[in-house]
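Visitor: Before I ask anything, let me first share the structure, which is written out below as structure tokens.
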Amino acid sequence: MVVNDDLDGVAGYMQQAKNQAIENVEHVAEGVAAETLPEGKLFEIAQSIGDKRLEELNVEDTTCGYCAVGCRFDLYTDGEAVLAARPTDEEDAPVNGISTCVKGKFSYDFVNSDDRLTAPLVRDESGEFREATWDVALSRVAEELGSIRDEHGGETLSVIASSKATNEDNYLMGKFARQVLGTNSVDNCNRLCHSSTVAGLAKTYGYGAASISTDDLELADCILLTGSNTTEAHPVLATRIKQNVRDGGDLIVFDPREIQIAEYATQYTQIKPGYDAVWINGITRYIINNDLYDEEFVQERTTGFEDVKETVQEFTPERVEEITGVRPEAIASAAETIAEANRCIFGWTLGLTEHSHGTENVMAMANLAAITGNLGTPGAGVSPFRGQNNVQGGGGDMGPLPDSFPGYQDIADDEVRAKFEDAWDCEISPEYGYYTTQMFLEADDDHVRGMYIIGENAALSEPGVNHAEEVLEDLDFLVVQDLFMTETAQYADVVLPACSFVEKTGTFTNTDRTVQKVNKVMEPKGKARPDWQILQDLANRMGREWDYDSAAEIMDEINSLTPLYGGVTHERVEAEGGLQWPCWDEDHPGTKRLYTEEFETEDGMANLHAVGYSEPAETPDDEHPFTLTTGRVLYQYHTGTMTHREEGIMQYNRSDFVEINPKTATEYGIENGDPVRIESRRGETTVPAQVTDRVGPENLFVPIHFAESAVNRLTDEDRLDPAASTPEFKVSAVRIAAVEDDIDRTGTEAVETMGDD
């Protein structure tokens, strides 16, 4: 939607936007399942269940293993395959109720895929893989990792943990790195996505997590979203937001792309990628200078306001428009809507964080939420929507991090470190280890010689994957633990077959801090094992005496060392349907909203930090005139390890693509479906075009889901966020060219990308 200059000021702007949102809500259909599945698949599912008496099926409730919304549902199996997914009773599904997205409903073919790893693989002297027993494979891993540790020091080893694995698995990944290998270089995919959220919110409020519960999305008077393709990345949350708009709430969307959630917005504003702190500071300045801020909240619950007030003065409407392309009336409209709302939620995902200055962006947003008093009350707060199913718990809470133990306890704190040294019976260095991307950079100088990668496809997900591939090839030793022979596993010396989330028991922690039970639905495939059992066997081969009998027992150890999880047990989680941390002890009910009385800082106040803005690490020039940004689509999940094995999804979304503005496409002679070569200073890839005005003439968008296109060949691994070491995934300077020799427009149609929940 574009501002109509014929309307009168902000009031006219908002009325036009509101009318457009109502029209969209009334006319957009939500029939995704029928369109997504191959013809007859729905009937096949129904028939397969109908052919069996219900008493012959195993029905188990569990938590979804895709995104971090944390949907719960019943899975029906015959012991061999997942036949259907069905929402549980609403009271047993605190986040999603009766709703699930297309992946949670239908995407389980990966469990029985023909190429599923079902036995360990060991690379022989000829360079080929051969099947091996667990004894042979684990003995090889123990010998090789132990040899590197003993000869070069434990700090030359690193572990990449898995945000798809359970809390219990990830706790042991961190313990294994520090206790068994003797390294603090353990990290996970959170480094590539929301680590700047954690750093920014922790510095400002104390906790690097959402302050709200999912229910608050329906209580808010206003929701500000940025950098979040919500309908495609978090469909169930998008449903909550659309219901809020339907019931009269305001939705403000700032994004470089006119994503589908923008169709529901009462205000959508297209922005230039890489300059989020500028327009956020512009809104903050407008609110402060027009005395629209919450003076009582600022005085009683914040520090640093005067510094923020002074710093934002440079972000005049004219300067904001010059830098970001956002017009003054859009800033004024958003500011007045936020200030007039009694309850506002500020939501974002990786469009705000995956920058070389993502922490600054998050702190600017935290300032805005605080000066308007939108913290600690129903329907108000901050909500970074997390991506992978357990990136909140496994990616952060459980401590597979180079600088933190479980519960974000600093490894440099002598008292904290002594507690873990005593519990784990080992010495732990106070020096921080390497972050994920640093592991690959340090490997060039042999500072990292061996890696243990669990459930992460680094050969596709790392920035600058050309270099990542070289590192994986040249390591002294690489062990990969996963469900499939991924692009990363192809470089391994030993590959260990792990269990999927339907084949094991444990807990996941979702995007609003709710710890939920994961229940075993069916037996592991072949000789696959749960991650924690593999780690225990390996630790014992390397001189330790782990003797866990169950994931529940591991959680008991977690809660004894992690105050945030002090009252979390499997029994309570199952009985109560989920617990939100902080949950300090077994009498504590959990915490629905953070900061109701004070912030988790030394003085109990929200410590605001004046934030200017930083240029993107790389900006367009004559040689590379376009800005490329990357992201997700509804029908795929990350590097496609699971979703590429689902026939229905692959029929609907079979490749990556590049979104190109019609003006740009005409200039370069490109039509829908034409192959387009995209080049950055680091590499190139070729993908089919989707000509669309969702992006501006100077911008391009490519998803991240396919090895064939490997968009991270184009991204930069060298220039990282100084506070969080997050790479600059969202801004890369590129050039494009039509690949004329490959063009065959016979029957070519536009690439389908859109869908809804």
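The values are calculated or read from the model by the stated rules, or taken from the named source; none is laboratory data. Being a predicted model, the structure only gives us computed values, none of them experimental. Positions of Cβ are generated from backbone atoms using ideal geometry, with glycine treated the same way; all protein chains shown enter the neighbour counts.
Visitor: Need the failing condition index for G399 against (1) in contact with a strand residue (DSSP E or B) (Cβ under 6 Å, 6 or more places away or on another chain); (2) under 16 Å from A220 (Cα atoms); (3) not acidic (D, E), just the number.
Guide: That leaves (2) as the condition not met.
Visitor: Any residue at all in region 313-327 that is among the small types (G, A, S) and under 29 Å from P620 (Cβ atoms)?
Guide: yes
Visitor: I want to confirm something. Restricting to region 714-757 and keeping residues that are at pLDDT 85 or above and not in a loop (DSSP other than H, G, I, E, B), which single residue is surrounded by the most Cβ atoms within 10 Å (Cβ to Cβ)?
Guide: That would be S732.
Visitor: I've got another one for you. Might you let me know whether region 207-228 holds any residue that is surrounded by fewer than 24 Cβ atoms within 10 Å (Cβ to Cβ), part of a loop (DSSP other than H, G, I, E, B) and at positive phi?
Guide: Scanning region 207-228 turns up no residue that is surrounded by fewer than 24 Cβ atoms within 10 Å (Cβ to Cβ), part of a loop (DSSP other than H, G, I, E, B) and at positive phi.
Visitor: Which pairs do you get when a residue that is free of Cβ contacts under 8 Å to residues at least 24 places away in the same chain, found in region 113-130, comes within reach of a residue that is part of a strand (DSSP E or B), reach meaning Cβ atoms under 9 angstrom, with the pair 6+ apart or on two chains?
Guide: The qualifying pairs are D124/R130; R130/L121; R130/V122; R130/R123.
Visitor: Against the definition (part of a helix (DSSP H, G or I) and buried (at least 24 other Cβ atoms within 10 Å of the Cβ)), how does T231 come out, yes or no?
Guide: yes
Visitor: With respect to the numbered conditions (1) at pLDDT below 95; (2) among the polar types (S, T, N, Q); (3) over 26 Å from E128 (Cβ atoms), which one is the sole condition not fulfilled by T509?
Guide: (1)
Visitor: Next up: Filter the strands (runs of 3 or more DSSP E) completely within region 605-696 down to those with at least 3 residues that are buried (at least 20 other Cβ atoms within 10 Å of the Cβ). Working first, answer last.
Guide: Working: elements: 626-631, 658-660, 675-679, 684-691.
Fully inside region 605-696 and qualifying: 626-631, 658-660, 684-691.
Yes or no, residue by residue, for (1) acidic (D, E); (2) within 30 Å of L217 (Cα to Cα):
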| residue | (1), (2) |
| --- | --- |
| N96 | no, yes |
| T118 | no, no |
| D124 | yes, no |
| A132 | no, no |
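Visitor: Within region 234-263, can you find the residues that are of a type in the set (S, T, N, Q) and either surrounded by 23 or more Cβ atoms within 10 Å (Cβ to Cβ) or touching a Cys at 6+ places or on another chain (Cβ under 7 Å) (or both)?
Guide: N244 - this is the single residue of region 234-263 that is of a type in the set (S, T, N, Q) and either surrounded by 23 or more Cβ atoms within 10 Å (Cβ to Cβ) or touching a Cys at 6+ places or on another chain (Cβ under 7 Å) (or both).
Visitor: Spot the failing condition for F315; the list is (1) among the hydrophobic types (A, V, I, L, M, F, W, C); (2) in contact with a helix residue (DSSP H, G or I) (Cβ under 6 Å, 6 or more places away or on another chain); (3) at pLDDT below 95, and only one is missed.
Guide: Result: F315 fails condition (3) only.
Visitor: While we're here: Could you list, in sequence order, the residues of region 682-713 that are touching a helix residue (DSSP H, G or I) at 6+ places or on another chain (Cβ under 6 Å), under 14 Å from V731 (Cβ atoms) and at pLDDT 85 or above?
Guide: Scanning region 682-713 gives a single hit, V702.
Visitor: Do the conditions hold for P317, that is, is it surrounded by 22 or more Cβ atoms within 10 Å (Cβ to Cβ) and either under 23 Å from the mean Cα position of the chain (by Cα) or more than 20 Å from L352 (Cα to Cα) (or both)?
Guide: Values: surrounded by 22 or more Cβ atoms within 10 Å (Cβ to Cβ): no; either under 23 Å from the mean Cα position of the chain (by Cα) or more than 20 Å from L352 (Cα to Cα) (or both): yes.
It is false that P317 is surrounded by 22 or more Cβ atoms within 10 Å (Cβ to Cβ) and either under 23 Å from the mean Cα position of the chain (by Cα) or more than 20 Å from L352 (Cα to Cα) (or both).
Visitor: Show me the helices (runs of 4 or more DSSP H) found entirely inside region 365-473 where at least 1 residues are surrounded by fewer than 21 Cβ atoms within 10 Å (Cβ to Cβ).
Guide: 414-424, 436-442
Visitor: Quick one: is T197 under 26 Å from C101 (Cβ atoms), out of contact with any strand residue (DSSP E or B) (no Cβ under 8 Å at 6 or more places or on another chain) and either crowded, with 24+ Cβ neighbours inside 10 Å or polar (S, T, N, Q) (or both)?
Guide: Here the answer is no, as T197 does not meet what is asked.
Visitor: In addition: Which of the residues spanning region 573-604 are surrounded by fewer than 20 Cβ atoms within 10 Å (Cβ to Cβ) and not in a loop (DSSP other than H, G, I, E, B)?
Guide: E574, A575, E576
Visitor: While we're here: Restricting attention to region 555-570, does a residue exist that is out of contact with any Pro (no Cβ under 6 Å at 6 or more places or on another chain), part of a loop (DSSP other than H, G, I, E, B) and of a type in the set (D, E, K, R)?
Guide: no
Visitor: Can you run down the residue pairs with Cβ atoms below 6 Å, 6 or more apart or on separate chains, where the first is in region 643-668 and closer than 19 Å to Y66 by Cβ and the partner is of a type in the set (D, E, K, R) and modelled with pLDDT of 75 or more?
Guide: R645/D109; E646/D109
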